[in-house]
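Contents: one structure, followed by commentary.
The values are calculated or read from the model by the stated rules, or taken from the named source; none is laboratory data. Because the structure is predicted, anything quoted here is derived from the model rather than measured. For neighbour counting, all protein chains shown are included, and Cβ atoms are generated from backbone atoms with ideal geometry for every residue, glycine included. To get the accessible areas, we keep the full protein, side chains included, count just its heavy atoms, and leave off ligands, DNA and RNA. Shrake-Rupley method; radii C 1.70, N 1.55, O 1.52, S 1.80 Å.
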Amino acid sequence: MAMSDARYKLLGGGQYTSECDEDAPVPPALPVPFCRCELGNQLAEVKQSRHPKTAGRAFYICKWNDSLNPCHCFFFQWIDGPDKFDPRIRLFPYYRSESWAYNEFRRWVPPPPNPPPMTEEEKQEAAIYRVNNPPKCHCGVRAKLQRPNIGVPPKFTPFFRCSLKTRDGWPACDFNEYIYGPRSHWLIEEEVREFESGKKPWPCTTTPSLRCKCGILATKGVVPS
């Protein structure tokens, strides 16, 4: 259903800047502003930009910011200035429709550098040591070793993840390391050049791969009757 001109104006259509406006004003972040959906009732929420010109900068937007949601308004307001620009955020997938209340927002932090390459012998030695001396997760407790040996040969490398669980069964933190050491988070330079040349879409245009509660990639299947 097409939006009427009156409704369009009521929701702020054509009155606000957007992620691509790098030179737009940056008002004080507090107090948290209200969006245009329910004037004086609906607080705006926070997201971080993935636009090439403004990547990494946080901004306020309507809580119902999914473009497929007919309830969303056009409210937009920068929180960060150009000093927070960080194009590295575009190298990682994210949930495009997610936003957070200001007091719940956690800014994206670049992951640590990739670990140095290891030989198979070094991996075996490190794995033996770490099985007997499990690393601590972000919660400060010893991580639990997961051995998702699905298929022959096994499809997944054993890995450590948080041993604490939330009420619905998910790990309490996002700690995740291979049995022999930390994972590689950063892409190699050749892959980055493919994104920059347009041969491949930037990772930020996709959502993270779904994983089950065991921590392995989820697969599609048929529920048995």
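Can you name the condition, by its number, that PHE59 falls short on among (1) of a type in the set (Phe, Trp, Tyr); (2) out of contact with any Lys or Arg (no Cβ under 9 Å at 6 or more places or on another chain); (3) closer than 27 Å to GLY14 by Cα?
Result: PHE59 passes all but (2).
State all residues of region 172-214 that are touching a Leu at 6+ places or on another chain (Cβ under 7 Å), without any contact (Cβ under 8 Å) to a residue 40 or more places away in the chain and small (Gly, Ala, Ser); if no residue qualifies, say none.
Result: ALA172, single match.
Among the listed residues PRO70, PRO112, PRO25, which satisfies the condition of being closer than 30 Å to TYR178 by Cα, modelled with pLDDT under 95 and either open to solvent by 50 Å² or more (accessible area, probe 1.4 Å) or not in a loop (DSSP other than H, G, I, E, B) (or both)?
Going through PRO70, PRO112, PRO25 in turn, just one is closer than 30 Å to TYR178 by Cα, modelled with pLDDT under 95 and either open to solvent by 50 Å² or more (accessible area, probe 1.4 Å) or not in a loop (DSSP other than H, G, I, E, B) (or both): PRO112.
Against the definition (touching a Cys at 6+ places or on another chain (Cβ under 9 Å), acidic (Asp, Glu) and either modelled with pLDDT under 90 or open to solvent by 100 Å² or more (accessible area, probe 1.4 Å) (or both)), how does ASP168 come out, yes or no?
Spelling it out, it is not the case that ASP168 is touching a Cys at 6+ places or on another chain (Cβ under 9 Å), acidic (Asp, Glu) and either modelled with pLDDT under 90 or open to solvent by 100 Å² or more (accessible area, probe 1.4 Å) (or both).
Which residues, taken from region 18-31, are touching a residue at least 60 places away in the same chain (Cβ under 8 Å) and in contact with an Asp or Glu (Cβ under 9 Å, 6 or more places away or on another chain)?
Answer for region 18-31, where residues must be touching a residue at least 60 places away in the same chain (Cβ under 8 Å) and in contact with an Asp or Glu (Cβ under 9 Å, 6 or more places away or on another chain): just ALA29.
Would you confirm whether or not region 144-163 contains a residue that is open to solvent by 60 Å² or more (accessible area, probe 1.4 Å), hydrophobic (A, V, I, L, M, F, W, C) and over 30 Å from GLU19 (Cβ atoms)?
yes
When region 80-114 is examined, which residues are found to be in contact with a strand residue (DSSP E or B) (Cβ under 7 Å, 6 or more places away or on another chain) and more than 23 Å from ASP23 (Cβ to Cβ)?
Of everything in region 80-114, those that are in contact with a strand residue (DSSP E or B) (Cβ under 7 Å, 6 or more places away or on another chain) and more than 23 Å from ASP23 (Cβ to Cβ) turn out to be SER99, TRP100, ALA101, TYR102, PHE105.
Taking HIS138 as the residue in question, decide whether it is under 22 Å from GLN48 (Cβ atoms) and touching a Phe, Trp or Tyr at 6+ places or on another chain (Cβ under 6 Å).
When the stated conditions are applied, HIS138 passes them.
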